[in-house]
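To start, the structure itself, in structure tokens.
The values are calculated or read from the model by the stated rules, or taken from the named source; none is laboratory data. Since this is a predicted model, take the numbers as computed values, not measurements. When we count neighbours, we look across all protein chains shown, and the Cβ atoms used for this are built from the backbone with ideal geometry, even at glycine. For the accessible areas, the whole protein counts, side chains as well, though only heavy atoms, and no ligand, DNA or RNA atoms are used. Shrake-Rupley method; radii C 1.70, N 1.55, O 1.52, S 1.80 Å.
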Amino acid sequence: MKPSFYITTAISYVNGKPHLGHAYEQILTDVMARFKRLDGFDVMFLTGTDEHGQKVAKTAEARGVEPKELCDEISQSFRDMTTQLNISNDDFIRTTEGRHYDASQAIWNAIKEHNPDDIYLGKYDGWYSVRDEGYFGEDELTLAEDGKTKLAPSGAPVEWVEEPCYFFRLSAYTDKLLAYYEEHADFIEPESRRNEIKSFVKSGLQDISISRTTFKWGVPVPNDPDHVMYVWLDALTNYITALGYPDIEGDKYKQFWPADYHVIGKDIIRFHCIYWPAFLMAANLTVPKKVFAHGFINVEGQKMSKSVGNVIAPQDMIDAYGLDQTRYLLMREVSHGNDGNFSHEHALQRINSDLANGLGNLVQRTLSMIYKNCDGAIPQAGELSDDDRALLNHAYEKLVPAMREEGNNVRFNRMLETIWKLVMDANAYVDSQAPWGLKKTDPERMNTVLYVLAETIRVLGISVLSVTPESGAKILNQIKIADDARDFAHINAENALKAGTAIDAPEGVFPRLEAVDAAE
Ligand code: MSP
């Protein structure tokens, strides 16, 4: 049986349209999901939309529509984004679905059942940031430039809230959480975020309000319909709703929980690394294995914001550069857990040098030579030289272990560098072997060189499938690789190309982009 792997993105608020930051998170998670599938895992990949809370209620009110109407429209635009970006999610959850109401109420009841003292009725007097949907202590706030407005650490204004509510006894989980972080050293990645969380927890946790009474847009609290559940308690529960919770004996839950990876942005680590494990512990459920917090995408050196007017829609990127080019760019340019910057000029250079001139050119010139000089079929290799063996050895022996080392740690920029080392080696091999000159002088040697190159291209085609799935497939289609032979288990000599296989007339995989196309 295949090993299982469960990975999720954060679910997006439906108060605004998808932008490049959302796209980045989707692509990053998709690359991981595809990478694990290529490596033989049975993957479950979840994404979706987070539709309750005061922020969504306020946006709907400002637009003069019912919250559900706003949710339907914006949730659809996030769903469309997954199609536009070729995201391979297995499920798309909406927190307004019936299955999610059931799961959210069930986790509330499970906490009450297993730890009855952990939920108690009280009154919240304190600061709340609607933009973050988060509670903040006075000591965490700063003053805005106007000298009056108080701001949460994210820069969002906070408002004073006084209302009856249920509390969750988070304070009782300080030691349990610290012990969990000690025992599971890689629960929070990267390390800088782990340290941030640990020191926050060490400073002592306060109980948190888990219900609201001043608006209605949420999941009703079981047996107390005056309260709706705090949006983060409902939202976090989505990760188990999709596995059929509360049916913890069901196949999906048993196979996939605890999650292997929650992929989120750095702004929401407190919710995922403190609240979520505490809620799960209180409900007597298992805690996820890992939370990976990525950085933020800035545009031309600036934070994306409506007021600056530099918000990029995912579809605009695709129109300018192409889908796989966009995916490649975002994965290649941002390093593990750090913020990344997007600039048009740099994007063009990167796409042209790595994709058009690097991999694209290698495939195009090799397959064209085969098509023209070998009767349109994979040639028969003769005896292999040391150079031939060195290139094949790189492809068979070194590539996949090096990709695993980086990919399993979400270092996709380095995973791509690893693949591109083989692209560079192969291009250097073409130049040094100069197969075009061999047709007349040594046709047998030409066949061997072209065979070695075609085989290297097969391996490259498979290895890029997680980041550039359409282009990888195009490469593999041209050399007639069967669908079930497109994974890491086939990167070896036993599954090498068969001489005599007819190939398609070569078609460019990565066109060279002109500055003007992208600037439009
Ligand atoms: N609804 C919550 C998540 C609930 S998860 C149980 C939320 N939604 S969000 O729409 O604001 O953000 C969705 C994801 O996109 C988050 O992981 C967030 O960090 C990420 N990003 C939002 N802006 C971003 C960038 N500019 N760059 C990269 N990621 C960013 O938070």
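Taking the criterion of being crowded, with 22+ Cβ neighbours inside 10 Å and either away from the ligand (no atom under 11 Å from the Cβ) or closer than 28 Å to residue 127 by Cα (or both), would at least one residue in the range 245-254 satisfy it? Among the residues of the range 245-254, at least one is crowded, with 22+ Cβ neighbours inside 10 Å and either away from the ligand (no atom under 11 Å from the Cβ) or closer than 28 Å to residue 127 by Cα (or both), which makes the answer yes.
With a requirement of 1 or more residues that are within 14 Å of the ligand (Cβ to nearest atom) and closer than 17 Å to residue 27 by Cα, the helices (runs of 4 or more DSSP H) lying completely within the range 256-362 that satisfy it span 314-321, 323-333.
A count restricted to the range 1-36 and to residues that are out of contact with any Phe, Trp or Tyr (no Cβ under 7 Å at 6 or more places or on another chain) and more than 15 Å from the ligand (Cβ to nearest atom) stands at 3. Exactly one residue out of 228, 201 is in a helix (DSSP H, G or I), open to solvent by less than 20 Å² (accessible area, probe 1.4 Å) and more than 15 Å from the ligand (Cβ to nearest atom), and it is 201. Selection of strands (runs of 3 or more DSSP E) fully inside the range 78-149 by the criterion of at least 1 residues being surrounded by 13 or more Cβ atoms within 10 Å (Cβ to Cβ), in contact with a Pro (Cβ under 9 Å, 6 or more places away or on another chain) and free of Cβ contacts under 8 Å to residues at least 40 places away in the same chain returns 119-129, 134-136.
Looking only at the range 452-485, how many residues end up being open to solvent by 40 Å² or more (accessible area, probe 1.4 Å) and among the basic types (Lys, Arg)? Quick ask: steps written out before the conclusion?
So in the range 452-485, the residues open to solvent by 40 Å² or more (accessible area, probe 1.4 Å) come out as 470, 474, 477, 480, 482-484.
Remaining after also requiring among the basic types (Lys, Arg): 474, 480.
Selection size over the range 452-485: 2.
Quick check: anything in the range 129-139 more than 16 Å from the ligand (Cβ to nearest atom) and farther than 19 Å from residue 271 by Cα? Step through it out loud before you land on a result.
Taking the range 129-139 first, the residues more than 16 Å from the ligand (Cβ to nearest atom) are 137-139.
Going one step further and asking which of them are farther than 19 Å from residue 271 by Cα, we end up with none.
So far as the range 129-139 goes, no, none of its residues is more than 16 Å from the ligand (Cβ to nearest atom) and farther than 19 Å from residue 271 by Cα.
List the helices (runs of 4 or more DSSP H) that sit entirely inside the range 377-453 and contain at least 2 residues that are within 29 Å of the chain's Cα centre (by Cα).
Values: elements: 386-393, 399-407, 412-433, 438-441.
In the range 377-453, the matching helices (runs of 4 or more DSSP H) lie at 399-407, 412-433.
How many residues are surrounded by 15 or more Cβ atoms within 10 Å (Cβ to Cβ) and either among the hydrophobic types (A, V, I, L, M, F, W, C) or in a loop (DSSP other than H, G, I, E, B) (or both) if we restrict to the range 157-177? Result for the range 157-177: 9. If you go through the range 250-275 and keep only what is out of contact with any strand residue (DSSP E or B) (no Cβ under 8 Å at 6 or more places or on another chain) and aromatic (Phe, Trp, Tyr), you end up with just 253.
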